[in-house]
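Below is one structure, written out as structure tokens, with a few remarks after it.
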């Protein structure tokens with residue numbers, strides 16, 4: 001669908017897409033992904049263009065407006081589709097950030113009990129959850145002949161989680177320099193735990209102010225505003241149609257959705 005030469009030129013112009021695809025675990029090549037993104041954007045653009053056609057026809061306007069609307073719409077949707085890896089990366093980041101502290105402590109306990117580091121990785125890879133999948137990838141690379149240092153380097157480069165990357169980086173440095181892995185791991189885990197506690201306290205402060213703002217804008221103002229409008233309209237003999245009340249209800253639902261999304265967006269990705 002998308003010309004091969006244009007897809008290659010796009011990948012050359014934006015080389016970071018290759019790394020994003022690997023971090024997001026999207027198996028398509030960069031050229032294949034660009035082609036699929038363009039195909040999806042073109043399909044959606046045609047569908048929305050048909051809707052615009054009927055809408056413009058109903059208004060009695062010239063359908064030549066579609067000549068200007070369609071390219072812009074295609075460009076916007078294509079740009080949106082090209083950000084799909086970012087969505088997968090954020091999802092994987094949230095998954096690993098919630099378990100990174102427990103996973104690190106699990107490996108630390110195994111090492112302190114006398115197990116070699118690689119055996120601790122094998123045990124961690126058998127655990128359920130997102131962390132187990134990442135450790136499993138490292139173990140698989142080592143089993144295929146890659147050195148454990150190189151496998152850790154690959155995991156560090158393509159990890160969606162900054163904390164997970166920091167743990168692996170410190171452990172890898174300890175393996176390369178011969179320093180005790182347990183001491184290094186214990187230190188970095190304590191540092192991450194302290195940072196997560198700070199982020200939780202900061203979240204509590206933000207939540208208090210945001211909750212006050214929500215109570216005012218999301219509950220008090222709409223309730224008083226609708227009540228006063230109904231009372232005033234009854235005195236002025238203004239006829240309230242059902243569609244107006246339905247519109248107000250829709251706007252309130254939209255406002256509630258915005259606040260819920262805002263609450264979720266500021267929540268720290270921790271699970272202590």
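Computed from the coordinates by the stated procedures, all read-outs in this text should not be read as laboratory data. Remember, predicted model here, so these are calculated numbers, not experimental data. Every residue, glycine as well, gets a Cβ built from its backbone with ideal geometry; the counts of neighbours run over all protein chains shown.
Remarks
- Mean residue ellipticity, 222 nm, helices only, the chain: the sum of -39500 (n - 2.57) across DSSP H runs of n ≥ 4, divided by residue count and rounded to 500, is -27000 deg cm²/dmol.
- Protection proxy ranking, peptides 224-230, 82-88, 131-137, average beta carbon neighbours within 10 Å, highest first: 131-137, 82-88, 224-230
- Amide N of the stretch 104-147 lying under 16 Å from the label point, which is placed 7 angstrom from the Cα of residue 180 along Cα→Cβ: 108-117
- Where a label projected 7 Å from the Cα of residue 25 along Cα→Cβ would reach, residues of the stretch 147-175 with amide N under 13 Å: 159-161
- The chain: most fluctuating residue of 139, 231, 12 per GNM, C-alpha cutoff 10 Å: 231
- Per-residue extension of 0.36 nm, minus the Cα-Cα distance of residue 112 and residue 264, leaves a gain of 51.0 nm for this segment.
- Average Cα contact separation per residue, the stretch 19-78, under 8 Å, 6 or more apart, as relative contact order %: 38
- Spin-label model distance (nm) - residue 198 vs residue 221, 7 Å beyond Cα toward Cβ: 3.4
- Applying 1/(1 + (r/R0)^6) with r as the Cβ-Cβ distance of residue 248 and residue 153 and R0 = 41 angstrom yields a FRET efficiency of 0.10.
- In plain terms, the chain from residue 257 to residue 88 could stretch by 58.6 nm, reckoned as 0.36 nm per residue minus the Cα-Cα distance.
- From most to least packed by mean Cβ count within 10 Å, the peptides 25-33, 97-105 give 97-105, 25-33.
- Approximating the spin labels as points 7 Å out from Cα along Cα→Cβ, the residue 105-to-residue 228 distance works out to 5.2 nm.
- To the nearest ten degrees, helix 221-235 and the longest principal axis of the Cα atoms of the chain are 10 degrees apart.
- Computed from Cα positions, the angle between helix 242-265 and the longest principal axis of the chain comes to roughly 20 degrees.
- Rounded to 10°, Cα long-axis angle of helix 84-112 versus longest principal axis of the chain: 30
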